[in-house]
Amino acid sequence: MANSLMTTYAPLPITFTKGEGVFLWDNNGKRYLDAVAGVAVCSLGHAHPAVAEAIAEQANTLIHTSNLYQIEHQVELGDKLCALSGLDKVFFSNSGAEANEAAIKLARLYGKQQGIERPNIIVTRGSFHGRTLATLSATGNRKVQAGFSPLVDGFVRVNYNDIEAIKSVAKSNSDVVAILVEPVQGEGGVIVPDTDYLKQLRDICDANDWLLMLDEIQTGIGRTGQWFAFQHSDIKPDVMTLAKALGNGVPIGACLASGKAASIFTPGTHGSTFGGNPLATRAALTVLKTIQQDNIIANTKTMGEYFLAEFSTKLSAIDHVKEIRGVGLMIGIELTHDCGELVAKASEQGLLINVTAANTIRLLPPLLINKEQADEVINIVSDLVISSTA
Ligand SMILES: Cc1ncc(COP(=O)(O)O)c(C=O)c1O
């Protein structure tokens, strides 16, 4: 159907008009179980009462002022994110790409402080960091970059999960100032690196005085069964970016920094009109408090293990299932063939799933999903996978 929207998306012909918990309803009254959650955004499900109430109350009190003034909830949210992560300072943006823009700018300033005129950042193949010019240049996917040259300079690309490749860059390139990497690649196909990958990255960064910058936009805020995915390892990044689940649907992003990286931005070096406004920060603060109060991260761990165990029982003997993998409620089922058509087939059965990297079913359900709802997802997805053909 032609309409006035630019054709940057090819949406399914479904219009949702209502949500509650893990469920959505379309304009014909059909119910769907949402195992995409707005692509890892609505971790507390749809129309969460505490979040909805906080947004309504804040909207009735004060939506926006400006970063020209102190913003009550922004300070409280920043303090809470620092306490949860162990990092020291926060800059608030409105999206993931913007959070990564902040990280890239911060790394460049850090390089300049060290007398490096053309600072380079190491990034990985298969990564996704956003759609702005700098973040699509950092992204390791040619399709995202196609048509947008000249790209932003200053990124050096290596294979994901390849420590030797980074060591070899360290030997040959004295302009490197940082590594920017996802702890688990999301859009790239739910790629889980070796358990000691982050620790090794930390060591290389320490040895070379580089910043370790983790893009936790998809993995952060509980998605992997820890507040932040780096907490599965015994390390701390210098910079971490967040967005997606932070506002449960209210747009907000954050770039956190610690130690030497925390004091790089000074008044005038970066900014945003909307970033960290009273409405977004109040919503995000309520999200964090609710996750804590309702023990959502423990549920994520338990349910994530349940999903993996059930899929493994039902699907690991199927010839065309290449791998079942994931951490927490970030789950990928890679087939030996492309399977994009499963998205529409699942939706016919009232289930929303995602397919990424062409051949990988990706499940990112709300973190408060229960066992009965998980069983509904597992049964439909397993049947679809078993009957799927190349
Ligand atoms: C790891 C990662 N980084 C960055 C982004 C970009 O976030 P946004 O779409 O909010 O700009 C995404 C979005 O999918 C992402 O998954």
Between segment 165-210 and segment 65-128, the alpha-carbon center distance in angstrom
18 Å
Burial order of peptide ranges 2-10, 78-86 (average beta-carbon count within 10 Å, highest first)
78-86, 2-10
Exposure ranking of 223, 31, 202 by accessible area [1.4 Å probe, largest first]
31, 202, 223
What's the center-to-center distance, using Cα atoms, between segment 338-364 and segment 243-260 in Å?
27 Å
Heavy atoms of residue 338 accessible to a 1.4 Å probe, total area in Å² rounded to 10:
100 Å²
For a label point 7 Å from the Cα of residue 322 along Cα→C-beta, name the residues of segment 112-132 whose backbone N is under 17 Å from it.
125-127
Accessible area of the chain divided out per residue, in Å², using a probe of 1.4 angstrom
45 Å²
Kindly sort 194, 162 by accessible area of their heavy atoms, largest first, with the probe set to 1.4 Å.
194, 162
Just to be sure I understand: of the beta bridges DSSP finds with both ends in the chain, what percent are antiparallel, rounded to 5?
65 percent
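Could you give the length gained by full extension between residue 207 and residue 7, i.e. 0.36 nm per residue of separation minus their alpha carbon distance, to one decimal place?
Working: separation 200, 0.36 × 200 = 72.00 nm, distance 4.66 nm.
Extra length from residue 207 to residue 7 when fully extended: 67.3 nm.
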Flagged links, alpha-carbon separation over 32 Å, of 89/143; 244/322; 143/244; 112/199
89/143
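Compute the Rg/Rh shape ratio of segment 51-293: radius of gyration over Kirkwood radius, all on alpha-carbon atoms. Present the calculation step by step, with values, prior to reporting the outcome.
Working: Rg = 17.5 Å, Rh = 18.1 Å.
Reported Rg/Rh, Kirkwood definition of Rh: 0.96.
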So, by mean Cβ neighbours within 10 angstrom, what's the order for 33-39, 272-278, 251-257 with the highest one leading?
251-257, 33-39, 272-278
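At R0 = 22 Å, how high is the FRET efficiency between residue 293 and residue 83 if r is their beta carbon distance? Nearest 0.05 is fine.
According to the calculation, E is roughly 0.90.
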Give me, ordered by chain and number, the residues 5 or more places off residue 156 or on other chains with an amide H under 5 Å from its own placed amide H.
121, 122, 123
Solvent accessible area, Å² - residue 109, 1.4 Å probe, full protein context:
60 Å²
Under the helix-only model (-39500 (n - 2.57) for each DSSP H run of 4 or more, divided by the residues of the chain), the mean residue ellipticity at 222 nm, to 500 deg cm²/dmol, is -11000 deg cm²/dmol
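Relative to the present Cα-Cα distance, how much length would full extension add between residue 389 and residue 263 at 0.36 nm per residue of separation?
Answer, rounded to one decimal: 39.9 nm.
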Choice from 114, 74, 226 with maximal GNM fluctuation in the chain (Cα, 10 Å cutoff):
114
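The values are calculated or read from the model by the stated rules, or taken from the named source; none is laboratory data. From a predicted model like this one, the values you see are computed outputs, not experimental measurements. Note that we place each Cβ from the backbone using ideal geometry, even for glycine, and neighbour counts take in every protein chain shown. We work out accessible area using only protein heavy atoms, side chains counted, and drop any ligands, DNA or RNA first. Shrake-Rupley method; radii C 1.70, N 1.55, O 1.52, S 1.80 Å.
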